[in-house]
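The values are calculated or read from the model by the stated rules, or taken from the named source; none is laboratory data. It should be emphasised that the depicted structure is a prediction, and the values quoted were computed from it without experimental measurement. Here the Cβ positions follow ideal geometry from the backbone for every residue, glycine too, while neighbour counts run over all protein chains shown.
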Amino acid sequence: MKTCSKIMLVIFITLITCTGFGCANKDEKKAAHVKNGDEYFDAREYKKAEIEYKNALQIDNKDTAVLLKLGDIFMKTGQLKSAFALYSSVEKLDPENIEALVKLSRFYFLDKKLPETQARIDKILKKDPQNLDALFLKGQVLIRKKQIEDARIVFEKILEIQNSHVGALHTMAAIKASEKKFDEAEAFLLKAVESGKDATTARNVLAQFYILRKQLDKAEEQLHLSAAEHPENPGHQILLGNFYLRTKNFQEAETAFKKAVEIQPDTPRPMVILAGFYDVTGQKDKALELYRKVAALDSEDSNTQMILARFLYKEKKIDEAENLVAGILKKRPKLADARMLKSEILIFQKKYQDALNILIALEKEEPNAHRVQYFKGLSYIGIGEPNQAASALVKAVELKPDYTQARLLMSEIYLRQHAYDLAVNQTTAVIKLDPKAYRAYLLRGNAYVALKKIKEAEDDYKKMIEIGSDNPAGYYRLAYLKSALRQFDQAAPLLEKAWSLNNKLIDVFTLRIRNAVAQKEFDTAHDLCTQQMDAFTDNNNLKALVHSTRANIYLAQEDMKQAESELLKAVDLAPDYLSPYGTLAKIYLSQKNIEDAKKQYLTMIEKNDKLAPPHMLLAVLFEAENKFDDAETHYRKALEINPNYAAAANNLSFYLASRTDKFDEALALA
């Protein structure tokens, strides 16, 4: 019995010893992983740090300190959802953890969830009334609520605790600037720079203040000082380049952006910025070359590949963009940005249903993505579903009220549906968001014309001219309105100005002719045709249009011979231009030259067999000649092309009613 007891004692001691060593071993392993992770984090090797912290959490998945560190990694690498999830886990494990509460408060504040933000701030301040992070967030919440005086008290308290708190100094400067106390605002900003805490950021904020105050020399000085303080950081050269770009000093901007690339030649961001500069300044070849270099840095990096794909798409290099997107999706089939661009390419290719299928799937994954709704709207327009399109666009605007693109597209739909008041509402909303929205004034002006609100329409067209004095559209729309009111003397100089800005605009040319003919100023009309012919020397189709227009002038003068001559010239120049054939047919019919008239309609059908009117007119001519079988053939063809062609249906029903074998069909058509 004693022997048995001794054995049990040895086993028990051994177990305790082993267990103790096991725990010690695990703790040591965890500590080693955390130490390695910290070192990688400090060296900005975030992927390696992530692996180490995850290894530590495999040993102890409830270690809140490590969970917070991993959350910080995700913040650094842009994985915000994952970071939020980890901070939330810490809050559940330790509801009083101030670090987690501060970080979650920031998330909720940025997401505009003020009650959730306030609840966590209150919890922090109850435990630590002088916590600067919580006080700063409290002040920001008060500003968001427009409680400026209360916010001022909070920021003053922060500065009492720490008079060099940069965030509080900047916010106080913003409050003073909003009160137009610019000297006091500048004093706060200078104090932030002098504090020495993140002085470079403080300088950049001060520079932005000087830019807004149009004190450009002072702004430039601060930006140069920032760049000099951190020559190893390309971001400061980028800020300097943006300043020069904003002030239209393109040479200095290019120099600064190039320096940023020289500082970090193997990093995408500086090259992307320089490429963007070349893009906005019209140097497309240089931009494309750089975007290709960025993509070549890492062929596995879908972000840089997408940057190139988007540029290619924007520049209408559709095949290359499509192939690049296909390659990205082969590696990452669920990548939302690539699928989004794929849908845009399909819309460009008029493959609307294919685009819609992608967008509907994206909507399920990202129901709050406003761009998905916008492109759904475009797709529905493409497949002829304007009501569905309007619904999608309404959703886009609900998700992003300042989405002017969506509002303008809605306005166009409402105009087509004769919902003019709704079009006015949407365009007015756009103008409130952007008082220089040129297209909004155009669409609203058109809606006002339809509503017979002439003064309002005139004001909008005048605003177009004011905003875009070098754009002919404003002059043309105002001239069109004046012409409709028969105020030809006011329309003439507007049309002349529009023509001087772009002498190849057909609408401007035809309105000038129409006005001259309406006033029986036929010589002026012919002179305008001669002038226009000189502008169209390199385009036979447009020259044919001028001949056809001149023919109509001669018809107004009742000169059939000259009209016929001009129309034949038009046909000779552009055999596929159909309008002259129809006009020739009318001339021949007026001369009772039925055979030549029929030839013109037959030629039109030969050129384009999808036109219903030539079939209809031929059928009438054949019926007049008692060629009923030929007439029936062309009536049926007209209805096949356009089932709603009432005139063709009526004429065919009258003819069929005279035949007992077709009486039922005649009743159906009647």
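Among the residues of region 65-109, the one identified as surrounded by 14 or more Cβ atoms within 10 Å (Cβ to Cβ), outside any helix (DSSP H, G or I) and charged (D, E, K, R) is D94. Here L542, L578, L589 are screened, and the one residue that is surrounded by 14 or more Cβ atoms within 10 Å (Cβ to Cβ), more than 18 Å from K504 (Cα to Cα) and under 45 Å from the mean Cα position of the chain (by Cα) is L578. Looking at T404, T428, which is the one that is hydroxyl-bearing (S, T, Y) and either surrounded by fewer than 16 Cβ atoms within 10 Å (Cβ to Cβ) or modelled with pLDDT under 95 (or both)? On inspection, the qualifying residue turns out to be T428.
Please verify whether N97 is modelled with pLDDT under 90 and over 22 Å from N303 (Cα atoms), treating the condition exactly as stated. For N97, the condition - modelled with pLDDT under 90 and over 22 Å from N303 (Cα atoms) - is not met.
Applying a threshold of 9 Å to beta carbon distances and a minimum spacing of six or more residues, or different chains, the list of pairs starting in region 251-271 at a residue that is in contact (Cβ under 8 Å) with a residue 40 or more places away in the chain and crowded, with 16+ Cβ neighbours inside 10 Å and ending at one that is outside any helix (DSSP H, G or I) and of a type outside the set (A, V, I, L, M, F, W, C) is empty. Checked against (1) touching a Lys or Arg at 6+ places or on another chain (Cβ under 8 Å); (2) within 30 Å of E194 (Cβ to Cβ), L114 passes all but condition (2). For region 141-186, a residue qualifies if it is within 17 Å of Q208 (Cβ to Cβ) and among the polar types (S, T, N, Q), and the qualifying residues are T171, S178.
Do the conditions hold for A309, that is, is it modelled with pLDDT of 95 or more and closer than 20 Å to F375 by Cα?
When the stated conditions are applied, A309 passes them.
Within region 328-346, the set of residues being surrounded by 15 or more Cβ atoms within 10 Å (Cβ to Cβ) and not charged (D, E, K, R) comprises I328, L329, L335, A338, M340, L341, S343, I345, L346. For first residues located in region 490-503 and hydrophobic (A, V, I, L, M, F, W, C), partners that are not in a helix (DSSP H, G or I) and lie 6+ apart or on another chain with Cβ distances below 8 Å form the pairs A498/L505; W499/L505; L501/D470; L501/N471. Taken over region 204-218, the criterion of being of a type in the set (A, V, I, L, M) and out of contact with any Leu (no Cβ under 8 Å at 6 or more places or on another chain) is satisfied by I211, L212, L216. Within region 389-424, being among the acidic types (D, E) and touching a Leu at 6+ places or on another chain (Cβ under 7 Å) holds for D402, E412. Residues that are surrounded by 15 or more Cβ atoms within 10 Å (Cβ to Cβ), among the hydroxyl-bearing types (S, T, Y), more than 36 Å from the chain's Cα centre (by Cα) and more than 25 Å from N303 (Cβ to Cβ) occur in region 57-64; there is at least one.
Would a scan of region 125-135 turn up a residue that is touching a Ser or Thr at 6+ places or on another chain (Cβ under 9 Å), under 23 Å from F84 (Cα atoms) and in a helix (DSSP H, G or I)? Yes: region 125-135 contains one or more residues that are touching a Ser or Thr at 6+ places or on another chain (Cβ under 9 Å), under 23 Å from F84 (Cα atoms) and in a helix (DSSP H, G or I).
Restricting attention to region 559-575, the residues that are in a helix (DSSP H, G or I), of a type in the set (A, V, I, L, M, F, W, C) and crowded, with 18+ Cβ neighbours inside 10 Å add up to 5. Filtering G377, G382 for residues that are within 16 Å of Q417 (Cα to Cα) and either charged (D, E, K, R) or crowded, with 20+ Cβ neighbours inside 10 Å (or both) leaves a single hit, G377.
Residues of region 462-495 that are loosely packed, with under 14 Cβ neighbours inside 10 Å and among the charged types (D, E, K, R): E466, D470, R486, D489.
The residues in region 449-502 that are within 20 Å of N515 (Cα to Cα), of a type in the set (K, R) and part of a helix (DSSP H, G or I) can be counted, and the count is 3. When both residues are 6+ apart or on different chains and their Cβ atoms are under 8 Å apart, which pairs have a first residue that lies in region 338-367 and is within 23 Å of L308 (Cβ to Cβ), and a second that is outside any helix (DSSP H, G or I)? These pairs meet every condition: A338/R332; L362/A369.
Within region 576-601, the set of residues being of a type in the set (K, R) and in a loop (DSSP other than H, G, I, E, B) comprises K592 only. Report, by residue number, each residue of region 347-374 that is surrounded by fewer than 21 Cβ atoms within 10 Å (Cβ to Cβ) and of a type in the set (S, T, Y). Matches in region 347-374: Y352 only. Of the candidates A309, A361, A296, the single residue that is in a helix (DSSP H, G or I), of a type in the set (G, A, S) and farther than 30 Å from G282 by Cβ is A361. N25 fulfils the conditions (1) farther than 29 Å from Q140 by Cβ; (2) in a helix (DSSP H, G or I); (3) in contact (Cβ under 8 Å) with a residue 12 or more places away in the chain except for a single criterion, (3). Only a single item in (1) touching a residue at least 24 places away in the same chain (Cβ under 8 Å); (2) of a type outside the set (K, R); (3) closer than 25 Å to K543 by Cα is not met by Y601, and it is number (1).
Select from region 367-421 the residues that are assigned to a helix (DSSP H, G or I) and charged (D, E, K, R) and list them in ascending order.
Kept after step one, since they are assigned to a helix (DSSP H, G or I), are these residues of region 367-421: 370-382, 386-399, 404-416, 420-421.
Those that are assigned to a helix (DSSP H, G or I) and charged (D, E, K, R): R371, K376, K395, E398, R407, E412, R416, D421.
Pairing each residue of region 69-82 that is more than 16 Å from L101 (Cβ to Cβ) with any residue that is basic (K, R) and surrounded by 15 or more Cβ atoms within 10 Å (Cβ to Cβ), provided the two are 6+ apart or on different chains, yields C-beta distances under 8 Å for L70/K54.
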